[in-house]
Amino acid sequence: VNEANYLGYVTGDLVIAKKALSATADAKTKAYGSANPAATITYSGFENSEDATALDTAPAATIGADATSGAGDYDITLSAGTDNNYEITTANAKLTVGKAVLTVTASDDAKIYGEAIGAIRFSFAGLVNGDFISAIDTQPTVTSSRVATSDVGTYPTTAAGGADNNYSFAYIDGVL
């Protein structure tokens, strides 16, 4: 009988393998024209109450968009991290850039009974990134139900119809 078998163990080196650790970029959202949110990472698999500060080199998240990036989805990518105790796998995520809100207010106006209705103007608030109202894909318009022969009274002026890749529209009626 071999002495190693007799004592109940085999002599040799003990091999300790790295623990699997996953690092996942967190999905984020923001509005067109706003600063990027802070990139964050969620980890799964740490031992002994450790966190990312225990890693030799923690993964870093990079967002592939900035304040001028149009509405749409952009990659949040993680760099590879390294550690003597963990085998790190990474998973990327998306930053969703939503449309900024452009508020369009129909102007208040006054007309004399019998006068024709001319163009009714509007004002706007909420353009970002140095955009101009002239760059909006489909300009909003303002209309009124009043016509030249309408009785004296108050009539709403209504803004509607704007469309753009980077803006949604909120409308405020005026009075004629």
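Here are some notes:
- In the chain, the portion of solvent-accessible area held by carbon and sulfur atoms comes to 52 percent [1.4 Å probe, whole percent, DNA, RNA and ligands not counted].
- Cβ-Cβ FRET estimate between T57 and T96, R0 fixed at 22 Å, reported to 0.05: 0.15
- Within the stretch 86-173, antiparallel bridges make up roughly 60 percent of the DSSP beta bridges whose residues both belong there.
- For the chain, the relative contact order comes to 21 percent (Cα pairs under 8 Å, sequence separation of at least 6).
- Stokes-Einstein D (µm²/s) once Rh is taken as the Kirkwood radius of the chain over alpha-carbon pairs, at 10 °C in 1.306 mPa s: 73
- Using a probe of 1.4 Å, the accessible surface attributed to F132 totals some 150 Å² when neighbouring protein chains are kept in position.
- Per residue, the accessible area of the chain comes to 61 Å², computed with a 1.4 Å probe over protein heavy atoms only.
- Each Lys and Arg adds +1 at its Cβ and each Asp and Glu adds -1 at its Cβ; summed about the Cα centre, the chain shows a dipole of about 620 debye.
- Nitroxide proxy distance, nm - points 7 Å out along Cα→Cβ at F124 and E50: 5.4
- Calculated mean residue ellipticity at 222 nm for the chain: -500 deg cm²/dmol, from DSSP H runs with n ≥ 4 weighted as -39500 (n - 2.57), summed, divided by the residue count and rounded to 500.
- Remark: the V152-D137 segment gains 1.8 nm on full extension, using 0.36 nm per residue and subtracting the alpha carbon distance.
- Cβ-based charge dipole, the chain, positive-most Cα from G130, G174, S49: G174
- Of interest is the spacing of the C-alpha centroids, which for the stretch 147-176 and the stretch 82-102 amounts to 43 Å.
- Theoretical FRET efficiency, 1/(1+(r/R0)^6), r = Cβ-Cβ of I112 and A163, R0 45 Å, to 0.05: 0.85
The values are calculated or read from the model by the stated rules, or taken from the named source; none is laboratory data. Keep in mind the model is a prediction, meaning the values are calculated, not measured. Positions of Cβ are backbone-derived with ideal geometry, glycine not excepted, and every protein chain shown enters the neighbour counts. Keep in mind that these areas ignore ligands, DNA and RNA; they rest on the heavy atoms of the full protein, side chains included. Shrake-Rupley method; radii C 1.70, N 1.55, O 1.52, S 1.80 Å.
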